[in-house]
Amino acid sequence: MRVLVTGGAGYIGSHTLVELLGQGHEALVVDSFANSSPKALDRVRELTNGWFETEEADIRDTARLTAAAARFRPDAVIHFAGLKSVGESARRPTDYYDVNLAGTVALLRAMEAAGCGRIIFSSSATVYGEPDYLPFDESHPIRPTNTYGQTKAMAERLLTDWAGAEEGRAAILLRYFNPVGAHASGRMGEDPRGVPENLMPFLAQVATGRRDALRIWGDDYPTPDGTGIRDYIHVTDLARAHVAALDRLLTLDGARPYNIGTGQGISVKEMLAAFNRAVGRDLPFEVHPRRPGDIAEMRADASRANHELDWTARYGVDDMVQSLWAWQSANPQGYGEG
Ligand code: NAD
Ligand code: WQD
């Protein structure tokens, strides 16, 4: 298929691009590089023989997007581009609604003009908020507790209405749990700007000496070791889920959400222990009070994706931490080192 990939230079987008090209799909990457480096795309070229082109553009630029879509004539769109920091979303709500929601409107207009009715959207488990029950299934109420999550929930609503408005339109809403790890080659991985907000990129920078110690946000949660539990998913498994979703798009009418996780809950302390094994030494940590807005435990029921997308996570915790360390130790400054 010909796939327009917004945000294709980002962490998840670049890994997905490698899988897409490996399966014989062709791609047009649209990215403003607001939170990524063109070097990520050089690495994609290095790792694959597939064909893709790049358009440096902001997704809110409807005219540019429409021209690009009219020229490329995509069969489907995978929409990764967006802002993703929970903390920053509280401080910059206008930017988050503008990029994540207005940007999605602009993209849909470009798709309409190009006659493309199929889209896969990067949603997040954060749309669920506090669990009524665990694991989360796709019928769990949507009650986001932060601005970032609100923008994702509203974009899901928008895509659902859009997909339902005309015959032949389909939207797959992939609710990612916690993506971690890196490409098996050690050539691609997560490269956050500034101080990482998320556990694994922060931990990786402790291991390279860029940060002093991991700060564990609370060890008084009602979990076996008191630290928060999450469903970590290897970024390559997540990338594979997008390729699987492309097939499903061909037979789907309307919108459908899918949880993408392993179903396995892992605590912060368990993740730290696993990463210590990969690095070969015990990394320093301090216990701090809970981070406001954090939830004790999140875990996916991914059985819908298992059955309907014919997709199952292949990689476990050791693959996640080993691939992360292979990437970070070879590229301590991320893509900054050339
Ligand atoms: P990322 O920041 O690495 O990738 C996002 C990409 O979008 C970047 O290349 C960035 O330059 C681009 N971008 C941002 N604003 C843009 C704009 N206005 N116009 C064009 N391009 C723009 O993030 P990621 O981790 O790869 O996440 C990809 C998607 O998945 C995002 O929508 C994110 O909200 C969602 N998601 C991420 C996680 C996670 O933990 N990483 C979890 C759930 C959902
Ligand atoms: C994981 C666990 C923390 C950092 C967020 C978004 C979610 C999705 C993924 C985009 C928690 C603990 C963390 C640290 C710590 N992103 N932690 N010290 O909060 O589950 O999810 O990122 O869509 O939407 O909400 O991920 O990696 O920040 O935290 O102790 O320095 O690690 O308290 O228990 P989170 P995370």
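The values are calculated or read from the model by the stated rules, or taken from the named source; none is laboratory data. All of these numbers come straight from a predicted model, not from anything done at the bench. Reconstructed Cβ throughout: ideal geometry from the backbone, glycine too, with neighbour counts over all protein chains shown. What goes into the accessible areas is simple: the full protein's heavy atoms, side chains included, and nothing from ligands, DNA or RNA. Shrake-Rupley method; radii C 1.70, N 1.55, O 1.52, S 1.80 Å.
Data for the structure
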read-out: All positions within segment 62-113 that are of a type outside the set (A, V, I, L, M), closer than 30 Å to P292 by Cβ and not in a helix (DSSP H, G or I); value: H79, F80, G82, K84, S85, R92
read-out: Residues being of a type outside the set (S, T, Y) and either at pLDDT below 95 or within 16 Å of ligand 2 (Cβ to nearest atom) (or both) - total across segment 1-12; value: 3
read-out: Residues of segment 60-80 satisfying the condition of being without any contact (Cβ under 8 Å) to a residue 40 or more places away in the chain and acidic (D, E); value: none
read-out: Residue in segment 221-230 that is within 27 Å of A153 (Cα to Cα) and surrounded by fewer than 20 Cβ atoms within 10 Å (Cβ to Cβ) present; value: yes
read-out: Any chance A27 is of a type in the set (G, A, S) and part of a helix (DSSP H, G or I); value: no
read-out: Residue that is within 26 Å of E308 (Cα to Cα), within 15 Å of ligand 2 (Cβ to nearest atom) and surrounded by fewer than 20 Cβ atoms within 10 Å (Cβ to Cβ), where the choices are R157, R143; value: R143
read-out: Residues of segment 88-136 that turn out to be β-branched (V, I, T), under 20 Å from the mean Cα position of the chain (by Cα) and surrounded by fewer than 20 Cβ atoms within 10 Å (Cβ to Cβ), as a count; value: 1
read-out: Among residues of segment 314-338, those that are of a type outside the set (V, I, T), crowded, with 16+ Cβ neighbours inside 10 Å and in contact with a helix residue (DSSP H, G or I) (Cβ under 7 Å, 6 or more places away or on another chain), counted; value: 7
read-out: Close pairs from segment 301-322: first of a type in the set (F, W, Y), partner assigned to a loop (DSSP other than H, G, I, E, B) and modelled with pLDDT of 95 or more, Cβ under 8 Å, at least 6 apart; value: Y315/G181
read-out: Residues of segment 53-82 that turn out to be crowded, with 19+ Cβ neighbours inside 10 Å and touching an Asp or Glu at 6+ places or on another chain (Cβ under 7 Å), as a count; value: 2
read-out: Residue among G82, G117 that alone is within 16 Å of ligand 2 (Cβ to nearest atom) and not hydrophobic (A, V, I, L, M, F, W, C); value: G82
read-out: Enumeration of residues in segment 13-46 that are within 16 Å of ligand 2 (Cβ to nearest atom) and open to solvent by 30 Å² or more (accessible area, probe 1.4 Å); value: A34, N35
read-out: Filter pass, R187 being away from ligand 2 (no atom under 16 Å from the Cβ), open to solvent by 10 Å² or more (accessible area, probe 1.4 Å) and either within 30 Å of A326 (Cβ to Cβ) or not aromatic (F, W, Y) (or both); value: yes
read-out: Top-ranked residue of segment 274-313 - restricted to ones that are assigned to a loop (DSSP other than H, G, I, E, B) and of a type in the set (D, E, K, R), ranked as surrounded by the fewest Cβ atoms within 10 Å (Cβ to Cβ); value: R281
read-out: Evaluation of A102 against (1) under 27 Å from R248 (Cα atoms); (2) among the aliphatic types (A, V, I, L, M); (3) in contact with a strand residue (DSSP E or B) (Cβ under 7 Å, 6 or more places away or on another chain) (one fails), failing number; value: (3)
read-out: Long-range neighbours under 7 Å by Cβ, at least six apart or interchain, first residue closer than 21 Å to Y128 by Cβ and free of Cβ contacts under 8 Å to residues at least 60 places away in the same chain within segment 225-243, second among the charged types (D, E, K, R) and within 11 Å of ligand 2 (Cβ to nearest atom); value: T227/D219; T227/K269
read-out: Residue count for segment 194-252, restricted to those that are out of contact with any Ser or Thr (no Cβ under 7 Å at 6 or more places or on another chain), within 16 Å of ligand 1 (Cβ to nearest atom) and among the acidic types (D, E); value: 1
read-out: Residue in segment 239-246 that is out of contact with any Asp or Glu (no Cβ under 9 Å at 6 or more places or on another chain), more than 15 Å from W325 (Cβ to Cβ) and not hydroxyl-bearing (S, T, Y) present; value: yes
